[in-house]
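Below: the structure, in structure tokens.
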Amino acid sequence: MLKSFFILCSGADQTILNQCSNGEQNKYAGIGATVFFTALMASIAAGFALHMVFDNTILAIIFGLIWGLLIFNLDRFIVSTIKKRGSFLDEFLQVIPRLILAVIIAIVISKPLELKIFEKEINQVLLEQRNDLTLANQTQIANQFHPEIEALQKQISNLKSEITTKETEVNTLYNTYISEAEGTAGTKKLGKGPVYQEKRDKHDAALAELQQLKTNYAEKIAMLETQISNLKSDFHKEVDASQPIIDNFGGLMARVTALNTLPWLPSFFIFLLFLCIETAPIFSKLLSPKGEYDYKLEDEETAIKSWVEQQVNQRQLIVSTDAIINNKIYNDISEEDELYQYKKKKARELMQLQADAFYQKQKRFL
């Protein structure tokens, strides 16, 4: 039963193959087994790829089965349409399109399995890429907020600078009137005279201005710091909102790209493995000598071809012969006097009717 199933997978004509030797049947059973297991591997690979994309097991199983059946049908068609012609060059030219198709199928089958085999290495590459994307995302968002934050911080710095300048001025005035009182500067008279009082009043006025300046600027600085705090909060919100997108970075295309960053040799050998599996049925038929099944199949096809050509030739001869006979008959009839007199009589009657009709028409007009 298993042998019959694999023969069915090979696409061979079972009626003809049943008349062949057991060795010939085993050869096509082996070809069919290769076709079947290639389709099975394709089904597993497609199911894994779809599960990786949509994370849905049921959908992945259904699509994997459909994809496996598609590959099975393609492989079966490729193998069943290769005909042994007795010339290796003719046979090789015949299978070139099928080999190209086999290479494409091998790539499609091997790629998802490569993603699974090198999953840990790919995850490491994706982690590094996510980190790079996170930093790049934060930098990009920061570029939107930093100019405004820096402008506000500059305003705060200017306000604080004005306060510092005013404090320096007040401290200078303080030292001036203290030095005047001590007699170490100014008039150099010890005690609190008129000059001292003048300098003290000037210091007190500047100190009052400083206190008022601090009060006024404290409100402005607090407002500016609130704006900076809000902008930083908005910045963190933007980062938090975009981070899930980066965390979900790891779909099929991203994994294939990450796979391409890994050393190519292991992936290449896996591809060669599936290429060998995919092309094995083709080369087994191409390299095997013309067997009993091939001769019997050729006999069946040539018999039908000969019969069809014979029927076509017979119909062509019938048509050409009938045309020759008809031409000869009409030539003989054209020489008979009786037919000439009859057609002459009818022509005379027709011309008379035409003349009468023309006369009646002209009479109505007049």
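The values are calculated or read from the model by the stated rules, or taken from the named source; none is laboratory data. These numbers were taken from a predicted model, which means no experiment stands behind them. Here Cβ is always computed from backbone atoms with ideal geometry, including for glycine, and neighbour counts include all displayed protein chains.
Points worth noting:
- Qualifying residue in the range 226-234 (condition: at negative phi and within 37 Å of the chain's Cα centre (by Cα)): yes
- Leu89 being more than 19 Å from Ala241 (Cβ to Cβ), free of Cβ contacts under 8 Å to residues at least 60 places away in the same chain and out of contact with any helix residue (DSSP H, G or I) (no Cβ under 7 Å at 6 or more places or on another chain): yes
- Residue pairs whose Cβ atoms lie under 6 Å apart, separated by 6 or more positions or on different chains, with the first residue in the range 1-14 and over 11 Å from Asn26 (Cα atoms) and the second among the polar types (S, T, N, Q), are Gly11/Ser80.
- Looking across Ser306, Ser267, Ser320, one residue alone is touching a residue at least 60 places away in the same chain (Cβ under 8 Å) and part of a helix (DSSP H, G or I). It is Ser267.
- Here Glu278 fulfils each of the conditions (1) assigned to a helix (DSSP H, G or I); (2) out of contact with any helix residue (DSSP H, G or I) (no Cβ under 7 Å at 6 or more places or on another chain) apart from (2).
- Condition met for Lys361 (under 60 Å from the mean Cα position of the chain (by Cα) and either surrounded by 10 or more Cβ atoms within 10 Å (Cβ to Cβ) or without any contact (Cβ under 8 Å) to a residue 40 or more places away in the chain (or both)): no
- Exactly one residue among Leu224, Leu252, Leu213 is touching a Pro at 6+ places or on another chain (Cβ under 9 Å), surrounded by 12 or more Cβ atoms within 10 Å (Cβ to Cβ) and not polar (S, T, N, Q), and that residue is Leu252.
Every residue, every condition in (1) assigned by TED's automatic domain parsing to the domain that holds Ser10; (2) free of Cβ contacts under 8 Å to residues at least 40 places away in the same chain; (3) exposed (fewer than 14 other Cβ atoms within 10 Å of the Cβ); (4) farther than 19 Å from Cys276 by Cα, yes or no:
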{"site": "Ala45", "(1), (2), (3), (4)": "yes, no, no, no"}
{"site": "Leu50", "(1), (2), (3), (4)": "yes, yes, no, yes"}
{"site": "Thr57", "(1), (2), (3), (4)": "yes, yes, yes, yes"}
{"site": "Gly64", "(1), (2), (3), (4)": "yes, yes, no, yes"}
{"site": "Ile71", "(1), (2), (3), (4)": "yes, yes, no, no"}
{"site": "Ile78", "(1), (2), (3), (4)": "yes, no, no, no"}
{"site": "Ile82", "(1), (2), (3), (4)": "yes, no, no, no"}
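- Boolean, Asp90 is surrounded by 18 or more Cβ atoms within 10 Å (Cβ to Cβ) and charged (D, E, K, R): no
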